[in-house]
Amino acid sequence: MDHGNGGELHQVECLSITKAMQAVQEIKAIHGKDNFKLYIEDARKRTWFTGGKEKAQGVGSVKRDAQIWEDWCIEQEFNYIMVHPKANATKTKADLFKKITGWTGRTNEHARDAAMLVFKRFWKV
């Protein structure tokens with residue numbers, strides 16, 4: 001999660017969808033809804049996946065989550081953008097993530113994927 005300081009990461013963690021929405025509400029209370037933008041991976045645009053039945057069910061779940069996020073952002077009148085999965089640097093290993101972002105805290109793959117969705121919007125090679 002980036003709080004708008006030129007791409008500097010302030011929080012990187014894996015939360016449930018409801019806890020993440022609560023965290024966004026807390027940021028809104030501090031900064032105002034016009035002072036931040038949400039970047040949400042739009043899994044509905046993903047047309048490729050490998051794996052069996054369980055993997056397909058997981059894909060359906062994240063596609064549903066993307067719709068929930070979009071509906072919620074509209075209801076809350078948040079500034080947001082739905083990002084195509086191809087536009088994100090996913091599966092970044094912990095050592096490379098640390099080198100790119102400077103983040104030294106513990107992360108898991110999901111947290112790193114989410115952080116890269118935000119961080120690379122500001123990061124220039």
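Structure data summary
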{"quantity": "Residue match in segment 58-68 (condition: in contact with a Ser or Thr (Cβ under 9 Å, 6 or more places away or on another chain), surrounded by 13 or more Cβ atoms within 10 Å (Cβ to Cβ) and either at pLDDT 90 or above or part of a helix (DSSP H, G or I) (or both))", "calculated": "no"}
{"quantity": "Search result, residues across segment 69-97 that are modelled with pLDDT under 95, surrounded by 13 or more Cβ atoms within 10 Å (Cβ to Cβ) and not hydrophobic (A, V, I, L, M, F, W, C)", "calculated": "Gln76, Tyr80, Pro85, Asn88, Thr90, Thr92"}
{"quantity": "Pick from segment 71-120, criterion of a type in the set (Asp, Glu) and touching a residue at least 24 places away in the same chain (Cβ under 8 Å), ranking: nearest to Glu8 (Cα to Cα)", "calculated": "Asp113"}
{"quantity": "Scope segment 14-38; condition at pLDDT below 90, closer than 19 Å to Ala115 by Cα and of a type outside the set (A, V, I, L, M); matching residues", "calculated": "Lys28, Asn35, Phe36, Lys37"}
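The values are calculated or read from the model by the stated rules, or taken from the named source; none is laboratory data. Note that the coordinates shown come from a computational prediction; the quantities given were computed from them, not determined experimentally. So basically every Cβ, Gly included, is an ideal-geometry build from the backbone, and we count neighbours across all protein chains shown.
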